[in-house]
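Enquirer: I'd like to ask you about the structure that follows.
The values are calculated or read from the model by the stated rules, or taken from the named source; none is laboratory data. Because the structure is predicted, anything quoted here is derived from the model rather than measured. Note that we place each Cβ from the backbone using ideal geometry, even for glycine, and neighbour counts take in every protein chain shown. All accessible areas refer to the heavy atoms of the entire protein, side chains included, with ligands and DNA or RNA removed. Shrake-Rupley method; radii C 1.70, N 1.55, O 1.52, S 1.80 Å.
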Amino acid sequence: MIEPTRFQHSSVGAALAREIDAWRSAGPATATDGLALARLITGELRRIGRHALPPPLLDALAEIAEGSRGRDPFLDDYLDAVLARHEDRFQNSAYLALPLLGRILADPASGPERLSALLLADVVRHEERHRDRTGRGVSCKRIRQAARFVRAVDRSLDSDVAPPATLAGAWFELTALPVSTEHDEYFFIRALQAHELVFTTLTDLLRGATTAVRSGRLDEATARVERASAVFERASLLFRLVATMSVDAFHGFRRYTDGASAIQSEAYKRFEIACGEPGSARLASEAFAGVPAVREEADDHDNLARALADLAAGGPRRGAAAIAEAVAKLEAAHQRWKTTHHSLAVRMLGDAPGSGYTAGVPYLAACRANRLVGVCDGAAA
Ligand code: HEM
């Protein structure tokens with residue numbers, strides 16, 4: 001048998017080089033081998049930034065990814081994220097390692113809300129560990145905001161809550177893969193990942209509310225929509241957290257995130273189509289261009305707006321006013337969310353275009369006219 005050439009690169013540590021050689025000659029033997037490789041890669045990547053991983057290292061990892069695909073799904077997802085820029089498919093889901101996070105979410109010990117709390121608890125730990133990297137005031141504020149989010153998810157949780165002691169839990173720490181060495185990028189990634197999970201929770205609540213309306217259980221539907229408003233308010237804590245970042249720090253990593261934008265967030269768009277039917281202009285716009293799978297789902301998808309319209313067509317119903325009120329509150333929460341997002345973008349971005357190639361702030365300003373559930377004021381998004 002021909003031995004593969006030994007991996008060598010002046011900037012890659014000896015332990016990672018040895019691990020690469022082992023993988024190229026034998027492949028994984030146990031479920032934790034993938035973890036060991038990923039930990040070494042992550043160490044390297046956090047030291048120099050994902051964007052600076054040398055091409056020979058990326059070529060070697062691409063070879064491992066191809067040769068071992070299917071043997072360890074966690075490693076497959078991990079390497080897909082690490083290699084995304086190298087393979088010219090860098091987008092939001094690769095930036096945030098969302099497929100890997102999704103695999104952790106599928107672990108019975110996790111759920112979207114608990115996982116979002118774990119992400120913010122990780123921010124607390126990270127910021128406490130690196131207090132010297134930010135001014136004292138900013139560091140305290142950031143830790144406070146992150147800890148508030150953890151408690152808002154579940155009052156019984158402390159910010160020292162740790163990932164479950166499962167294989168999925170062990171991969172949790174490997175889901176923050178900064179593209180730069182800018183300290184603030186780590187917490188920014190965690191905030192965006194938590195936001196994704198917030199939208200996943202909201203979609204579940206909205207779908208449940210739609211089913212409840214269809215079955216005539218209006219009290220249950222109202223309770224679900226009210227809970228969705230509360231979850232949305234929790235999302236604004238994440239914006240407050242992101243607002244602790246300086247404009248310079250943001251631009252320090254943004255130059256490497258080109259092509260990855262939350263406009264490609266499937267979770268946000270799924271929430272949108274669970275609420276109501278986006279108008280044909282929005283469906284055909286850049287808003288849905290980056291989420292083709294969700295655009296397809298939208299064609300034939302029940303939603304709360306449609307269920308409420310059908311309910312209203314059947315004549316007056318006890319409980320209809322309460323759900324209309326709950327929907328109006330949800331709409332207001334979404335409007336506040338968009339306003340805060342817009343203000344943040346004005347401060348951070350100014351006149352620059354968005355990383356998703358929209359005009360940036362003008363795009364977000366126009367989105368404020370959209371509505372989620374067309375029935376509450378007759379305006380469709
Ligand atoms: C520094 C902070 C941020 C800036 C400057 C910013 C900027 C932008 C811009 C310019 C867009 C338009 C699409 C594009 O061209 O990229 C956008 C879209 C979006 N952003 Fe942000 N954003 C920030 C933080 C966040 C955070 C923390 C979230 C949390 C989820 C978020 C969620 C979204 C979503 C869901 C969209 C898509 C909106 C739509 O499709 O209508 N953004 N953002």
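Enquirer: For the range 311-325, state whether one or more residues are more than 17 Å from A262 (Cα to Cα), near the ligand (Cβ under 10 Å from one of its atoms) and of a type outside the set (A, V, I, L, M, F, W, C).
Expert: No, that holds for no residue.
Enquirer: While we're on this one: Give just the number: which of (1) under 26 Å from D107 (Cβ atoms); (2) open to solvent by 10 Å² or more (accessible area, probe 1.4 Å); (3) in contact (Cβ under 8 Å) with a residue 60 or more places away in the chain does I48 not satisfy?
Expert: (1)
Enquirer: Can you find a residue in the range 260-272 that is farther than 30 Å from G314 by Cα, open to solvent by less than 40 Å² (accessible area, probe 1.4 Å) and among the charged types (D, E, K, R)?
Expert: no
Enquirer: Within the range 353-377, restricting attention to residues that are open to solvent by 30 Å² or more (accessible area, probe 1.4 Å) and in a loop (DSSP other than H, G, I, E, B), which residue is farthest from the ligand (Cβ to nearest atom)?
Expert: Residues of the range 353-377 open to solvent by 30 Å² or more (accessible area, probe 1.4 Å): 353, 357, 359, 362-366, 368-371, 375-377.
Now restrict to residues that are in a loop (DSSP other than H, G, I, E, B): 353, 357, 359, 368-371, 377.
Values: P353: 6, Y357: 6, A359: 8, R368: 10, A369: 11, N370: 7, R371: 13, D377: 19 Å.
So the residue we want is D377.
Enquirer: Determine if the range 302-316 includes at least one residue that is in a loop (DSSP other than H, G, I, E, B) and within 30 Å of A94 (Cβ to Cβ).
Expert: yes
Enquirer: Could you tell me whether E87 is open to solvent by 10 Å² or more (accessible area, probe 1.4 Å), acidic (D, E) and under 30 Å from A289 (Cβ atoms)?
Expert: yes
Enquirer: Can you tell me which residue among F271, F239, F253 is more than 8 Å from the ligand (Cβ to nearest atom), in the same structural domain as E185 (by TED's automatic domain parsing) and not in a loop (DSSP other than H, G, I, E, B)?
Expert: Testing whether each residue is more than 8 Å from the ligand (Cβ to nearest atom), in the same structural domain as E185 (by TED's automatic domain parsing) and not in a loop (DSSP other than H, G, I, E, B) leaves just F271.
Enquirer: Which of (1) closer than 21 Å to F288 by Cβ; (2) open to solvent by less than 20 Å² (accessible area, probe 1.4 Å); (3) among the aromatic types (F, W, Y) does F253 not meet, given it meets every other one?
Expert: Only one criterion is unmet by F253, namely (1).
Enquirer: Going through the range 24-44 one residue at a time, which ones are farther than 21 Å from A168 by Cα and open to solvent by less than 20 Å² (accessible area, probe 1.4 Å)?
Expert: Passing the criteria: only E44.
Enquirer: Also, I was wondering about something else. Within the group A121, A146, A97, which residue is modelled with pLDDT of 95 or more and on the phi > 0 side of the Ramachandran plot?
Expert: One residue alone meets the criteria, A97.
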